[in-house]
Amino acid sequence: MASVKSITPTFALKVLTPSIFAVGSIAILLLYIVNGIFEETNRLDTIHSERLTTSAVGSLRDSLETIVHDNSIWDDAAQKAGTTPIDMQWVDETWGYSSEIGVYDTVFIVDAKGNTLYAATNGSREKIDAADYIGDDLMLLLERNAVTENSRGLTSGIVRTGGVLSSVAMARIRWTEANNGAQSTDNTLIIAKRWDAKVLSALARRYAMEELRFIPLDQQAGNGAVTILSPSGEAIGKLTWKSRSPGNIVRAKYGYVVSMIVVMFLFMIAVLLYMSWKGFKEANDSQADAISASLRDDLTGLANRREMLAALTRHLAVARAEGSTLSVIYADLDGFKEVNDSYGHEIGDLLLKAAAAGFAYIAKDAQMVARLGGDEFAIIITGQGSAGRARAVAASMISFLAEPMIFDGRIASVSVSAGIVDLDDDEADVEEIIRRADVAMYKAKSEGRNCVYVYQKSLDFKRDENRTIALQLREHIQRRNLSVVYQPIVDARTRKTKGVEALVRWPKDASTRYTPDVFIPVAEEFGLIEDLGYFVLSEACQQAAQWDGIFVAVNVSPIQFMNPNFGELVHQTLVKTGLDARRLEIEVTEGFIIDNAARATTIINRLHDMHVRVALDDFGTGFSSIGHLRRFKFDKLKLDRSMVIDILRQPSALRLVQGTIAMADALGLTVVAEGIEDENQVSVLRLAGCSQFQGYLFSRPVEAQQITAFLNDGQPAALSA
Ligand code: C2E
Ligand code: MG
Ligand code: MG
């Protein structure tokens, strides 16, 4: 399963990051644009307010200019105030008193040099000096006035008077066109209007502005301000107003709508992202499921062959790169096929699961436990001391399966053959590692199963050789080229031949000859044993049918014996060759029979039903147990040559043989001693109760004709093959 953890980085990389980036950019852009609109609205309003302020200032100037223009070009004024001395009363009545009205609040009459001839403010004459009121700009304005003589003849400007701004306008008092042809007098009429709060608020009202006010130059205006210059161009103050900031108003009014839209937009994106994350996760999960399913063995839940190969490739690369160690165990269950055949697949599956679970537990520290298919398993062990750990794991696997398992009340007993391969410093790749593990495993199989072999190069030679033997053997079987020789088995007392054991031989004319000890295991390993066994059985039965009065003993390999069809095969052979079933003995070895007790019992019973006897061969090697004799109802016990040799050397061996014979006797079994080579053995074993003998002392295995010959002659002994 791909965890949420593992897909999160991919999702973050492929979807989340670009989405957040895109959404973030859009949101920022949106806010930027909206904010820009608000700001622009404010900016336009400021510009507009500036223009209005400028207009307001202009309108004040215009009205003053209009008044000064109308009052300065006037014959009465030229007469009364144009020349010194001026008619003060007339001036009072004409201009002085009206300085109260509001359009202007101050009036001066000055001569060409700027001397104040008359001054009134707010309706009454005052002792103020125009030069003080207007400052240096007075002379400037008077000079400009002189320059503009020929036009309207007036000038205006804004001056600072006692911290307050005033608009001033002035014009030379002149005769009209009709009188004296618009000639100027010496004096100039000046009117002024202070920008007091009243004036400013009236202007503000008129121009729909708020809080129009004058501030000093150094004071920071909030939004916009218009700088006021004196006639000489000096900045003398600022006019400012309270900005309406329509952008801010809109922002205040609609800002939350924009925020809502942004929030909804983000929410929608979040939903979309969540949905796509889910989709992404599902797709990822199903992909991960598919991958892990294709890497898992359904039955046992272990890794399968594919996964194992991939893991081995990885670990091998790491081990090679780091110079660390690695071991692989290849294990194959012994006798699994028999459990499957006799108890059915369900029990077989249960057994595999149990074995898998056991192996997984035993090898819990291993890098991988895999089922390669059938009853084959592989374990990968890496890191410090991997070789030692692999051997320990394999040994535990063997002891784990030593106890039979009970499924559904049935006892299933299997063992395991294991091959171990340790990483060498040669260049072996994955394929080669597996081949070596396989070779070692086969070695364990051919060495009697239920054991562990560690791969060595010499095994390869052996295996190559075995392959060559198998190739030749197959051909010899097909051509019926093998021969069968017979070794007499004689009565212990009379030394008369009671029967013969059929022993297969490699063809005499072959360039290399192999003994059965070599080629029988090869036949078992390469799947040739059933054909070979059938060849010997039919050959021996056919031959024995020609003889009179003696039995023939045929060796049967465990693989043949466990074949459910074996009983039927024997029956057909007897029918075909016409041999009396009572004259046939089947020799089997013990080890395998114990592992497959139920199956063995069935087959032995079937043979007994046909009156075929069953002999337990090679008793005294490995597994021997008297209990088995009773349990499996053998007819005969063949003491192995190694036991026969031991009795003359070890008193304990003799006592063991004596006990065994006594017990066999009690169970009604015939006891045969194999490999008798001297008379001492004969005497000891006869005393111990052995009833038949077989060995070079009596006869080597010989050709069938020789048996025929001595049967006819009645010669019982000392033939040589
Ligand atoms: P086995 O069944 O125990 O056969 C007896 C073996 O002991 C034979 O070896 C025989 O030649 C040898 N032998 C008999 N008397 C003496 C003696 O006094 N001294 C010595 N040193 N050896 C003696 P052989 O023929 O080489 O067969 C070896 C094994 O190969 C047999 O052991 C049997 O297990 C197997 N074998 C032989 N023929 C067949 C066969 O047709 N089918 C099967 N499945 N196995 C066979
Ligand atoms: Mg035998
Ligand atoms: Mg034997």
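The values are calculated or read from the model by the stated rules, or taken from the named source; none is laboratory data. Computed from a predicted structure; not experimentally measured. Ideal geometry is used to build each Cβ from the backbone, glycine not excepted, and the neighbour counts take in all protein chains shown. Just so you know, the surface numbers come from the protein's heavy atoms only, side chains and all, with ligands and any DNA or RNA stripped out. Shrake-Rupley method; radii C 1.70, N 1.55, O 1.52, S 1.80 Å.
How much net charge surrounds H608 when only other residues with a Cβ under 13 Å from its Cβ are counted (Lys, Arg +1; Asp, Glu -1)? Result for the local shell: +2.
For the stretch 294-455, the fraction of C-alpha pairs farther apart than 25 angstrom is 26 percent. Here the dipole of the stretch 294-455 is about 280 debye; that uses its Cα centre as origin and unit charges on the Cβ of Lys and Arg (positive) and Asp and Glu (negative). Dividing the summed helix terms, -39500 (n - 2.57) for each DSSP H run of n ≥ 4, by the number of residues in the chain produces a 222 nm estimate of -16500 deg cm²/dmol to the nearest 500. The HN-Hα couplings worked out from phi for the stretch 118-124 by the Karplus form 6.51 cos²θ - 1.76 cosθ + 1.60 (θ = phi - 60°) are 8, 8, 9, 9, 6, x, 9 Hz, whole numbers, x standing for Gly and Pro. Our coupling estimate for the stretch 264-277, obtained by passing each phi through the Karplus curve with A = 6.51, B = -1.76, C = 1.60 and θ = phi - 60°, is 4, 4, 5, 4, 4, 4, 4, 4, 4, 5, 4, 5, 5, 5 Hz, Gly and Pro reported as x. Taking the simple approach of a point 7 Å from Cα along Cα-to-Cβ for both E100 and R513, what is their distance in nm? It is 16.4 nm. Nearest 10 degrees is fine. How inclined is helix 197-206 to the longest principal axis of the chain, computing both from alpha carbons? Between helix and principal axis, roughly 70 degrees.
With N the number of residues in the chain, Rg(Cα) / (2.2 N^0.38 Å) evaluates to 2.37.
Ignoring lysines fewer than eight residues from K445 along the same chain, the ones with Cα atoms less than 24 angstrom from its Cα are K337, K353, K457, K462.
For the peptides 162-171, 233-242, the ranking by packing is 162-171, 233-242, with the highest mean count of neighbouring Cβ atoms within 10 Å listed first. Taking 0.36 nm per residue of separation and subtracting the Cα-Cα distance, full extension of the segment from S324 to R467 would add 48.1 nm. A Cβ-based charge dipole, computed about the Cα centre of the chain with Lys and Arg at +1 and Asp and Glu at -1, lands at about 1580 debye.
For the listed residue pairs K14/K281; K496/K633; K508/K636; K496/K576, the alpha carbons are over 23 angstrom apart in K496/K633; K508/K636; K496/K576. Farthest toward the positive end of the dipole of the chain, out of A293, V318, I269, is the Cα of A293, where the dipole comes from beta carbon charges about the Cα centre. For S98, what is the net charge nearby, where nearby means another residue's Cβ is under 12 Å from its Cβ and Lys, Arg count +1, Asp, Glu -1? Here the count lands on -4. Placing a pseudo-label 7 Å from each Cα along the Cα-to-Cβ vector at M268 and N481 gives an inter-label distance of 8.7 nm. Reported value for the stretch 266-311: 74 Å³ per residue, from the convex hull of its C-alpha atoms.
Rounded to the nearest percent, how much of the accessible area of the stretch 466-710 (1.4 Å probe, protein heavy atoms only) is carbon and sulfur? Carbon-and-sulfur percentage of accessible area, whole number: 48. For the set S386, S413, the ranking by accessible area, highest first and with no ligand, DNA or RNA atoms included, is S413, S386 under a 1.4 Å probe. The share of accessible area on the stretch 294-455 that comes from carbon and sulfur is 50 percent, using a 1.4 angstrom probe. For the stretch 564-721, the solvent-accessible area works out to 46 Å² per residue, with a probe of 1.4 Å and every protein chain left in place. Charged side chains reduced to their Cβ positions (Lys and Arg at +1, Asp and Glu at -1) give the stretch 501-659 a dipole of some 500 debye around its Cα centre.
I want the antiparallel fraction of DSSP beta bridges within the chain, as a percent rounded to 5. Antiparallel bridges: around 70 percent, rounded to the nearest 5. Relative to the longest principal axis of the C-alpha atoms of the chain, give the angle of the C-alpha long axis of helix 651-666, reported between 0 and 90° and rounded to the nearest 10°. It is inclined by approximately 80 degrees.
Placing unit charges on the Cβ atoms of the charged side chains and taking the dipole of the chain about its Cα centre, the candidate lying farthest along the positive direction among S483, N223, P521 is S483. Relative to the longest principal axis of the Cα atoms of the chain, the long axis of helix 430-446 lies at roughly 30 degrees.
Rolling a 1.4 Å probe across the protein heavy atoms gives the stretch 420-518 an accessible surface of 54 Å² per residue.
Ranked by the mean number of other Cβ atoms within 10 Å per residue, highest first, peptides 208-219, 307-318 order as 307-318, 208-219. Among M139, M441, M368, the order of accessible area from largest down is M139, M368, M441, computed with a 1.4 Å probe on protein heavy atoms.
Other residues with beta-carbon under 13 Å from the beta-carbon of D196 carry, at +1 per Lys or Arg and -1 per Asp or Glu, a net charge of +3.
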